[in-house]
1. When you scan segment 60-83, how many residues do you find that are within 14 Å of the ligand (Cβ to nearest atom), in a helix (DSSP H, G or I) and touching a Ser or Thr at 6+ places or on another chain (Cβ under 8 Å)?
2. Which condition number does residue 14 fail, the rest of (1) within 13 Å of the ligand (Cβ to nearest atom); (2) of a type outside the set (D, E, K, R); (3) out of contact with any Gly (no Cβ under 7 Å at 6 or more places or on another chain) being met?
3. Among the residues of segment 186-201, is any near the ligand (Cβ under 10 Å from one of its atoms), part of a strand (DSSP E or B), in contact (Cβ under 8 Å) with a residue 24 or more places away in the chain and buried (at least 21 other Cβ atoms within 10 Å of the Cβ)?
4. I'm trying to understand the selection: among the residues of segment 9-27, which are over 8 Å from the mean Cα position of the chain (by Cα) and assigned to a loop (DSSP other than H, G, I, E, B)?
5. Within segment 132-154, does at least one residue satisfy the condition of being assigned by TED's automatic domain parsing to the domain that holds residue 84, charged (D, E, K, R) and either within 29 Å of residue 236 (Cβ to Cβ) or not in a loop (DSSP other than H, G, I, E, B) (or both)?
6. Only one of these is under 19 Å from residue 195 (Cα atoms), among the small types (Gly, Ala, Ser), within 11 Å of the ligand (Cβ to nearest atom) and surrounded by fewer than 19 Cβ atoms within 10 Å (Cβ to Cβ): 46, 23, 27. Name it.
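The values are calculated or read from the model by the stated rules, or taken from the named source; none is laboratory data. Remember, predicted model here, so these are calculated numbers, not experimental data. Counting neighbours? That spans all protein chains shown, and the Cβs are built from the backbone with ideal geometry, glycine included.
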Amino acid sequence: MNNFKKAVEFLKDANSIAVLTGAGISAESGVPTFRGRGGLWRKYRAEELATPEAFKQDPVLVWKFYDYRRQLISKVQPNKAHEILAKWEKGLKNLTIVTQNIDGLHQKSGSKNVIELHGNIWEVRCIKENKIFKYEENPIKEFPPRCPDCGSIIRPNVVWFGESLNPEILSLSFSLFENSDIALVIGTSSVVYPAAHLPLLTKKSGGKIIEINIEETSLTGLSDIFLKGKASEILKGIDSLI
Ligand code: NAD
């Protein structure tokens, strides 16, 4: 049996499916991955900008990076891969998406069961009061933007390199992957922890891993099925057989 047919069989037989998505699923919408091309911000490594240390040292620079990403994300649309997952949420049993992306494209394509591991680019947090709120000014006019209530600097409410994930979101994700029959992993380099650990929980409790990526990753050797190619094309291929 070829890998596409096998994947269809796995997905149709499953009582619960946990999907883990990374930057690769949004690449075809035009959102650059951290390891791909990204215009003028290429001279910085993501690890130099998306960190609490960078923000402390130069909040304006970090906010300009996020303003660039916010402007870009506001102009893009979900692609076929996001759309097919939204459709499967209705047609397959208990499908939940855990995403490392902060772009909101899963929700924009209609998915309802979405857990955002690393936050959302349209949310901010006041660094003084820790209050979280939606902040959609686009483009941002004054840098760094400030809290309308107390005047302190606000920061993007996203998880930066070196920061811990929200413990509730993390434990929800752990139990989801532990209790799912299938971990479907799409467009993630599997180097950012703890996200990279999630599919292993499914495997450990007797489930299967299906991985979709344009190249092999550190997860590929452990995957039951590896489908090499662009997320939208592979998902279209599977969907046509379901
Ligand atoms: P990554 O940049 O480390 O890796 C992207 C992966 O996607 C790579 O393995 C690459 O081979 C694969 N890929 C690229 N194009 C693809 C396609 N068309 N189809 C399938 N696979 C494709 O991204 P990551 O693993 O998500 O981790 C980096 C961190 O960066 C995450 O924590 C995430 O929060 C953040 N990030 C988010 C966005 C976003 O919100 N869209 C974009 C960039 C980075």
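1. 3
2. Only one criterion is unmet by residue 14, namely (1).
3. yes
4. Residues satisfying the conditions are 14, 15, 16.
5. Taking every residue of segment 132-154 in turn, none turns out to be assigned by TED's automatic domain parsing to the domain that holds residue 84, charged (D, E, K, R) and either within 29 Å of residue 236 (Cβ to Cβ) or not in a loop (DSSP other than H, G, I, E, B) (or both).
6. Exactly one residue qualifies, and that residue is 46.
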